Structures are given as structure tokens and as C-alpha cells.
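To start, the structure itself, in C-alpha cells.
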Amino acid sequence: WNPPLQQEFGEDFCKLLIAIRASWNTAHNPQVHLFVEKWVPGAIVPDRRTLSGPILDREVQKVEDKLKLKLRGRKATFQTDGWKNKAKQAIVATMVSVDFEPYLMRTHDVSMQPKTGEALLNLVVEDIKWSEEIYGHTIIGACSDDGGDAWKMRRLLLALMPWLIIILCWAHQ
């Protein structure tokens, strides 16, 4: 196996583990090594640190590069929503939509932050600026649910960025 082929195997193995929701520790399972030795002679299974480190970093970069090409120069709408995960952590996610396609931008654990309109506004403004800078699109509108903090955030966002079309999410009604 030459280095480029081994690198491709490692990247594909990483994608396989992600697709089947397997732990990085799967790479250390003896049965995995027996399978690879039998069916893919010469391939080396990357260890969990390599998979979750440099290999995953390269895959993330590939996805981000493709996303930059899709979003650069486009008009986008911005959405934010919050929920509690299984661990009861308060999560806020932001995404943009371009040509009816949604793209996750960021997720934030806000469990330790105040649940106020001002706190949500800071997060939203930071994510709008970040997404426009990183992906090169222009946010023309924003949408959120109608919780107390989101209601106040929308009002403050309109005062701060009056060029945005700001609406309430109809899916939450």
C-alpha cells in the first residue's frame, strides 16, 4: 500500500465509523483488525487518535471547503433555535438556508449562560458575522421561535440590523 492509498483508506474508514455511529475505539477492536487483514491485506487500520485527530480534521476541511463554494456570494436566511439535549444541557443551534437548502452553522452549549434576549442576541450577532465572514454569503433575513428570549432578541436584532427581514418561525406555531 502506497501512502496516498493508505491515506484514502484511513479517510474512508473514518467516514464508515461516522456513518455507522461507531466509537473511535472500534479501530482497536481485534475483530476489526482480523477482518481488515483477511479482506484488505496490507491496509493498516488507523488508531483512534489519528482517526479523531488529523483524519477527521481533513474531512471537516473538505466539507467546509465545499460549503464555501456553495454559499459564497449568495443571499441567505439565518435561523436559530434552542432545546435541551438528553443530558439536559441547553443547546442553541444556528443555521443558514440558501436556495431552500439548510446548512448547520454552529451549535452552542448555553447551559451556564443567562436565558435572556441580550444573551441570545450576542450569540446570534456573533454567528451572523462569523458565517458571513467564513462562508462569504450575505444574510438578508433572520427567523427564530417565539420564546421570551427569542422575542426580545428579534426586537433587538432589528434595531441593530434594520436591513434584515426578521420573522417569527411558523413551524413553532
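If you go through the range 133-173 and pick out every residue that is on the phi > 0 side of the Ramachandran plot and among the basic types (Lys, Arg), you end up with 0.
Residues that are over 22 Å from Arg72 (Cα atoms) and among the aromatic types (Phe, Trp, Tyr) were ranked within the range 127-171; the one that is surrounded by the most Cβ atoms within 10 Å (Cβ to Cβ) is Trp151.
Where helices (runs of 4 or more DSSP H) sit wholly within the range 1-71, those with at least 2 residues that are open to solvent by less than 90 Å² (accessible area, probe 1.4 Å) and over 30 Å from Met95 (Cβ atoms) occupy 3-19, 30-39. Just so you know, in the range 86-110 the residues that are farther than 20 Å from Gly147 by Cα and among the small types (Gly, Ala, Ser) include one that is most open to solvent (accessible area, probe 1.4 Å), and it is Ala87.
Across the range 90-145, what is the number of residues that are small (Gly, Ala, Ser) and assigned to a helix (DSSP H, G or I)? So the count comes out to 3.
Consider the range 111-130. How many of its residues are among the basic types (Lys, Arg) and farther than 14 Å from Ser144 by Cβ? I'd like the intermediate steps shown before the answer.
If we filter the range 111-130 for residues that are among the basic types (Lys, Arg), which is where we start, we get 115, 129.
From what is left, the residues that are farther than 14 Å from Ser144 by Cβ are 129.
Residues meeting the conditions: 1.
Given the condition exposed (fewer than 13 other Cβ atoms within 10 Å of the Cβ), of a type in the set (Lys, Arg) and farther than 20 Å from Trp130 by Cα, answer yes or no: does some residue in the range 73-85 qualify? Within the range 73-85, one or more residues are exposed (fewer than 13 other Cβ atoms within 10 Å of the Cβ), of a type in the set (Lys, Arg) and farther than 20 Å from Trp130 by Cα.
The values are calculated or read from the model by the stated rules, or taken from the named source; none is laboratory data. Not measured: the values here are computed from a predicted model. Here Cβ is always computed from backbone atoms with ideal geometry, including for glycine, and neighbour counts include all displayed protein chains. Surface accessibility is based on the protein's heavy atoms, side chains included, excluding ligands, DNA and RNA. Shrake-Rupley method; radii C 1.70, N 1.55, O 1.52, S 1.80 Å.
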